[in-house]
Amino acid sequence: MERSRVLGTSPEPWIQLCLKHTIIRALLLSTLVAGALSCGLPTYLPNLPRVVGGEDERGNSCPWQVSLQHSSNGRWHHTCGGALIAHNWVLTAAHYISSTRTYRVVLGQHWLATREPGSLAVKVSKLAVQEDWNSNQLSKGNDIALLKLANPIALTDKIQLGCLPPAGAILPNNYICYVTGWGRLQSNGALPDILQQGELLAVDSATYSQPGWWGSTVKTNMICVGGDGVISSCNGDSGGPLNCQAANGQWQVHGVVSFGSSLGCNYYHKPSVFTRVSNYIDWINSVIENN
């Protein structure tokens, strides 16, 4: 009888406990699903009926796009692009990062010439450049860096996170992606005030490694897109994202603008070259976790 009283003769407490665990598991699952879908889904959908040769981006349809700016003579100047991939981390290119400069990141911006409602300017507190990056050997790749923001960003309909692709992911030939940035509209041309977007098709290694294309210059830790002589990234786009839509509708940042041909921004058979983000997922996770 004493033992019976300790264990309880009614099954109701056990049913309640099981129900409680079931509810907790359901809540955890819904949280994980929501977390997985909390990036790469802009409130303002991009115009995709169809940068150099590109078009004005629909306002805030790439809400993870940022302008990385440096301070000079008391003013802030657009340096390159980047992508917000965590509440306080921005992904960009290494070749524009210098420890001697003071940086800030502008988020939620469409027109660079004026401060728009809902935009933010946040100081950068830490620079993390990929350890194998060598500024004297651009063709070896590793042109990738992370910037830690001075404070975490609250997400809005104008400021959202870009998704990272799965580790090791390779874009198939002719996969449609979009480059975005405030880079020059043509080689040695003007810089736009409005964020530009351009549709670019992925080029596989069998094609871009041909002698008439990039030959041995482009490595497997890079992505080539474009090469039609019409649309490409250009100076000022560096560090910006290559946005590719996954089957579930999410936009993933597959590339970081790295370099183009010295012959011109949209030179035929010289596709724009991006750092392949899927090659650096472990590095990105490690930097974020340890800083």
Given the conditions (1) modelled with pLDDT of 85 or more; (2) part of a loop (DSSP other than H, G, I, E, B); (3) farther than 20 Å from Ile144 by Cβ, which single one is not true for Leu201? (2)
Regarding the stretch 224-235, can at least one residue be identified that is part of a loop (DSSP other than H, G, I, E, B) and modelled with pLDDT of 90 or more? no
Give me the residue from the stretch 171-182 that is in a loop (DSSP other than H, G, I, E, B) and within 16 Å of the chain's Cα centre (by Cα) and, out of that set, surrounded by the most Cβ atoms within 10 Å (Cβ to Cβ). Trp182
Quick check on the stretch 125-132. Is at least one of its residues over 16 Å from the mean Cα position of the chain (by Cα), of a type in the set (Gly, Ala, Ser) and at pLDDT 95 or above? yes
Going through the stretch 131-143 in order, the residues found to be surrounded by fewer than 20 Cβ atoms within 10 Å (Cβ to Cβ) and either over 13 Å from Tyr96 (Cβ atoms) or assigned by TED's automatic domain parsing to the domain that holds Ser262 (or both) are Glu131, Asp132, Asn134, Asn136, Gln137, Ser139, Lys140
Being assigned to a strand (DSSP E or B), touching a Ser or Thr at 6+ places or on another chain (Cβ under 6 Å) and not polar (S, T, N, Q), is that true of even one residue in the stretch 120-139? no
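The values are calculated or read from the model by the stated rules, or taken from the named source; none is laboratory data. Given the structure is predicted, the values throughout are model-derived calculations rather than measurements. Every residue, glycine as well, gets a Cβ built from its backbone with ideal geometry; the counts of neighbours run over all protein chains shown.
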